[in-house]
Each structure stands twice: as C-alpha cells, then as structure tokens.
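Chemist: Provided herewith is a single structure, encoded as structure tokens, for subsequent inquiry.
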Amino acid sequence: MSSLPIKFDANGLVPVVVQDDLTGEVRMFAFATEAAVRATIETGRATFFSRSRGELWEKGSTSGNTIGVHRVLVDCDADCLVYSADPQGPSCHTGAPSCFFQVLDGEALVEPRDPQVTAQTLFARLEATLEARKHSTGTSSYTKSLYDAGGPRIGAKIREEADELSLAVEAETDDRVVSEAADVLYHVIVGLRWRSIPLRRVLAELARREGTSGHQEKAARR
C-alpha cells in the first residue's frame, strides 16, 4: 500500500481540525496517524489517534456524538488536515458543541457565558444577538418590536425587503443590491429565530439540494 501524500511528523502524527461543513464552525482539534486518516476516508467517520492511550479512536463510538466526514482537506504544506464534517451532537468531551469556547482576554483565559462572545462566525453571532433580542426589555429595540408583533408583521417585512432587493437587482447599483440583500438576510433570520428554527437547518436543506436542478426540486415538492 502506497503512503498518503501527507507529511506526518517524527511520531507519525498530523494535526487535524474538524470544521462544520455547513456553518464553518471549528468543532475540535486532534491528531491522526496514516491509519486514522485512511479509516476516516474509508468509513466516512472521523477517526484520530489517542496519544495518551496509543491507539486509534473513532469519534462518537462510545458517546454517540459522531462526526461524519465529507472531505479531508490538506493544507499547502501537506502537514495539516481539515475534516470537513457533519457533527452529530456535541463535539467536545465537556459536552460543549465546540471545544473552542474559551477566549483569551489579555493574559487571562475566560469562559464567557454569552454566546454572542463565543460564536465563531458572523451568522452565529447574528443568530445569538437576535435570540437575545427576544428577551430584551428595551422599548427601542427594532427586532424586539418585530417579535412582539408576531408572524404577520415579520412575514410582511420579509416580503417588503425581498421586493426592495428585487428592484435593486433589476436597476440599481451594486452597493444598493448589497444593502438590500443584507436587509433580506437579517429579516429572514429574525423569522427563523421567531420560529426557533436554527439557520443550520436551512443550510442543511441547501446542501441536500446541491447537485439537483431547480426544476427537479420544484417538481419533487408538488
């Protein structure tokens, strides 16, 4: 069997970052041997090498919090990998969704309780902010006013913003298109949060449709 085109270190290890294929969130970090990488490719399940136990281990084999791997990405020097993955349940042994929930604040390591602080991506921060607005007591919060008005008002705003975006696409500047598109995305996420639907579900639906023509998708829904 030929060797994989990866630069393993003197101990036969390569660092692996696990990234959520849908959201871009970094879920965990571990090491893998060539056997672990091959097992990951062959089974589609994230497999690593435990330095403390000296053996291969498959994520979730005991906890049930498995990580399905779509692709193994290799960096430019071929000495670091990314498992582009579909995590099921928490990825951290602490029970946290991601191992990366601490923040370096000056010289101190802190664990913020505010998801707006620990969120890794823009969409995750926006979701956390809009969720927090649900419980806001401030009368000046525009988002809170939408939540208080309920589905009809939120739906009307989505239609209004979508219409403005369509007009911008037809005949306005690129800056206007960007601005109106941002308004649409903002109000769509407000609607999702009002229904308590995570954005990840929408991204998963887009991923499900990947490679399917729009005509086929519409026909399947009839």
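Chemist: Return one number: the angle in degrees, 0 to 90 and rounded to the nearest 10, between the long axis of the Cα atoms of helix 122-133 and the longest principal axis of the Cα atoms of the chain.
Modeler: 50
Chemist: Here is a further query. Using Cβ counts within 10 Å as a stand-in for footprinting exposure, how do 83, 186 rank, fewest first? Could you put the intermediate results ahead of the total?
Modeler: Numbers: 83 28, 186 16.
Sorted ascending by nearby Cβ count, the order is 186, 83.
Chemist: Considering the zone a paramagnetic label at residue 109 would reach in this model (a point 7 Å from Cα along the Cα-to-Cβ line), which residues of the stretch 8-30 have amide N under 12 Å from it?
Modeler: none
Chemist: I've got another one for you. Starting from 0.36 nm per residue, how many nanometres of slack lie between residue 100 and residue 76 once their C-alpha separation is accounted for? Provide the component values of the computation, followed by the final result.
Modeler: Values: separation 24, 0.36 × 24 = 8.64 nm, distance 2.40 nm.
Result: 6.2 nm gained on full extension.
Chemist: Also: To make sure I understand, if each residue's beta carbon is the centre and we count other beta carbons within 10 Å, what order do 110, 69 fall in, fewest to most?
Modeler: Going from least to most buried by this count: 110, 69.
Chemist: Related question: For residue 60, which sequence-distant residues (separation of 5 or more, or a different chain) have an amide H within less than 5 Å of its own amide H, given hydrogens modelled in the peptide plane?
Modeler: 65
Chemist: Okay, next question. Which whole-Hz couplings ³J(HN,Hα) result when phi for each residue of the stretch 52-63 is put into the Karplus expression 6.51 cos²θ - 1.76 cosθ + 1.60, θ = phi - 60°, listed in order with x for Gly and Pro?
Modeler: Each residue's phi maps through the Karplus curve to give 6, 9, x, 8, 5, 9, 9, 4, x, 5, 10, 7 Hz.
Chemist: Here's another thing I want to ask about it. How long are the three semi-axes of the equivalent ellipsoid of the chain, in whole Å, if each is the root of 5 times an eigenvalue of the C-alpha gyration tensor, listed from largest down?
Modeler: Working: eigenvalues 309, 108, 55 Å².
Semi-axes from the Cα gyration tensor: 39, 23, 17 Å.
Chemist: By a straight-distance test (C-alpha under 13 Å), which aspartates and glutamates pair with residue 144 as possible cross-link partners, with residues fewer than eight away in the same chain excluded?
Modeler: Leaving aside aspartates and glutamates fewer than 8 places away in the same chain, those within reach of residue 144 are 131.
Chemist: At 0.36 nm per residue, and after removing the present C-alpha to C-alpha distance, how many nm does the segment from residue 202 to residue 88 gain when stretched out fully? Kindly include the intermediate steps, with their values, before the conclusion.
Modeler: Working: separation 114, 0.36 × 114 = 41.04 nm, distance 1.63 nm.
My answer for the length gained is 39.4 nm.
Chemist: If you don't mind, another one. Could you tell me what fraction of 2.2 N^0.38 Å the Cα radius of gyration of the stretch 97-180 comes to, as a two-decimal ratio?
Modeler: Numbers: Rg = 17.7 Å, N = 84, 2.2 N^0.38 = 11.8 Å.
The reported ratio for this selection is 1.50.
Chemist: I would also like to ask the following. Residues of the stretch 36-56 with amide nitrogen under 12 Å from the 7 Å Cα-to-Cβ point of residue 9?
Modeler: Counting backbone N atoms under 12 Å from the label point, the list is 51.
Chemist: Sort 135, 187 so that the residue with the fewest other Cβ atoms within 10 Å of its own Cβ comes first and the one with the most comes last. List each step's numbers first, then the result.
Modeler: Details: 135 8, 187 21.
Result, fewest neighbours first: 135, 187.
Chemist: What FRET efficiency comes out for the pair residue 51/residue 122, r = Cβ-Cβ distance, R0 = 30 Å, nearest 0.05?
Modeler: Working: r = 34 Å, r/R0 = 1.15.
For R0 = 30 Å, the calculated efficiency reads 0.30.
Chemist: Using only Cα atoms, locate the centre of the stretch 173-195 and the centre of the stretch 132-152, then give the distance between them in Å, rounded to an integer.
Modeler: The distance from the Cα centre of the stretch 173-195 to that of the stretch 132-152 comes to 17 Å.
Chemist: With a/c under 1.5 counting as rounded, go ahead and sort the stretch 14-87 into rounded, prolate or oblate using the C-alpha gyration tensor (a ≥ b ≥ c being the square roots of the eigenvalues; past the cut-off, prolate if a/b is larger than b/c, else oblate).
Modeler: Details: a/c = 1.56, a/b = 1.07, b/c = 1.46.
Oblate shape, in that a/c is at least 1.5 and b/c is the bigger or equal ratio.
Values quoted throughout were computed directly from the atomic coordinates according to the rules given, and no laboratory measurement underlies them. Nothing here was measured: the structure is a model prediction, and the numbers come from that model. Cβ coordinates were reconstructed from backbone atoms using ideal geometry, including for glycine residues, and neighbour counts include every protein chain displayed.
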